[in-house]
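See below for the structure under consideration.
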Amino acid sequence: MIKLKSNEEIDRIRESCKLLALTHNELGKIVSEGITTKELDKFAYDFIVKNGGKPAFLNYMGYPATLCTSVNDVVIHGIPDNTKIKKGDVVSLDLGINLNGFFSDSAATYIVGKGSAEAEKLVSVTKEALMLGIEQARAGNRIHDISRAVFTHAKKFGYGVVRDFCGHGVGFSPHEEPQIPNYVGSGPNPRLKPGMILAIEPMINAGKDDVKILSDGWTVKTIDKSISAHWEHTVAIFKDHTEILTILD
Ligand code: MF3
Ligand code: CO
């Protein structure tokens with residue numbers, strides 16, 4: 001069941017999303033050569049707690065950290081550790097916040113220093129795919145309109161589109177219905193309605209579509225060791241417009 005949110009509830013979810021955007025903004029300033037992913041994780045934890053929130057992923061289904069830090073051929077769910085970030089690394093940071101019981105979710109991918117032309121292109125095309133998906137996320141359209149926009153854009157560049165993980169509803173919990181695949185399949189294709197809160201999140205590989213989960217049960221890597229990018233926003237569907245909640249005003 002898709003849980004529609006009232007305007008008052010959306011106001012509360014927006015507050016969670018604004019704290020998330022602020023946290024991402026701070027993280028963006030400190031992602032640099034030499035910092036470890038664990039240090040980024042600690043920064044995010046402290047910043048969220050200081051501002052009255054709780055990390056939404058920490059202990060969710062057993063996940064052991066605040067951030068997912070996915071470097072180079074890690075697609076998503078990279079667990080923060082003592083590995084130092086190097087020049088040219090492609091670093092995806094995925095973060096969810098629970099603020100007073102209202103959940104937000106967003107991811108961004110950074111290239112540390114000047115990246116390869118391949119990395120720069122992949123990261124910007126993935127962000128474009130997210131924005132094209134969001135453009136389709138309007139009342140009256142359907143979930144697959146989002147999926148198609150993301151998929152078509154990524155495939156225009158010959159990129160791999162991850163099929164094993166999807167976007168999702170969010171707001172009252174970290175993951176809600178509906179699923180939002182980044183490809184058009186034969187799954188459920190509900191119509192978008194005012195009051196829906198969606199986390200749209202293309203995961204795009206420079207190489208093939210295929211990914212594998214490592215033995216830690218979390219880390220998802222590309223099977224061909226190609227680099228991967230991930231962008232995600234939480235958006236709210238209204239009758240006559242759609243609002244990206246996880247950006248700063
Ligand atoms: N941000 C991921 C998602 O959008 C979930 C991250 S890790 C988990 O689905 F621990 F929350 F699963
Ligand atoms: Co998500």
Net lengthening on full extension, residue 131/residue 189 (0.36 nm per residue, minus Cα-Cα): 18.9 nm
Accessible-area value, residue 1, 1.4 Å probe, nucleic acids and ligands omitted, Å²: 150
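Two decimals is fine: what's Rg over Rh for the chain, C-alpha atoms, Kirkwood radius as Rh?
Working: Rg = 16.8 Å, Rh = 17.8 Å.
The Rg/Rh ratio comes out at 0.94.
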Karplus 3J(HN,Hα) series, Hz, for the stretch 148-156 with 6.51 cos²θ - 1.76 cosθ + 1.60 (x for Gly, Pro): 5, 5, 5, 4, 4, 5, 5, 6, 4
Rounded accessible area of residue 152 (nearest 10 Å², 1.4 Å probe): 70
Flagged links, alpha-carbon separation over 18 Å, of 156/208; 38/127; 121/156; 29/221; 3/50: 38/127; 29/221; 3/50
Residue 128 accessible area, assembled protein chains, probe 1.4 Å, Å²: 80
The stretch 7-244: relative contact order as a whole-number percent, Cα under 8 Å and 6+ apart: 21
Quotient of Cα Rg and 2.2 N^0.38 Å for the stretch 63-151, N being how many residues it contains: 1.27
Rg/Rh ratio calculated on Cα atoms of the stretch 179-249 (Kirkwood radius): 1.06
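If R0 is 22 Å, what FRET efficiency do you get for residue 22 and residue 60 from their C-beta distance, rounded to 0.05? It would help to have the intermediate numbers written out before the result.
Working: r = 21 Å, r/R0 = 0.96.
With R0 = 22 Å, the Cβ-Cβ based efficiency is 0.55.
The values are calculated or read from the model by the stated rules, or taken from the named source; none is laboratory data. Remember, it's a predicted structure, so these values are computed and weren't measured experimentally. Reconstructed Cβ throughout: ideal geometry from the backbone, glycine too, with neighbour counts over all protein chains shown. Quick note on the areas: whole protein, heavy atoms, side chains included, nothing else; ligands and nucleic acids left out. Shrake-Rupley method; radii C 1.70, N 1.55, O 1.52, S 1.80 Å.
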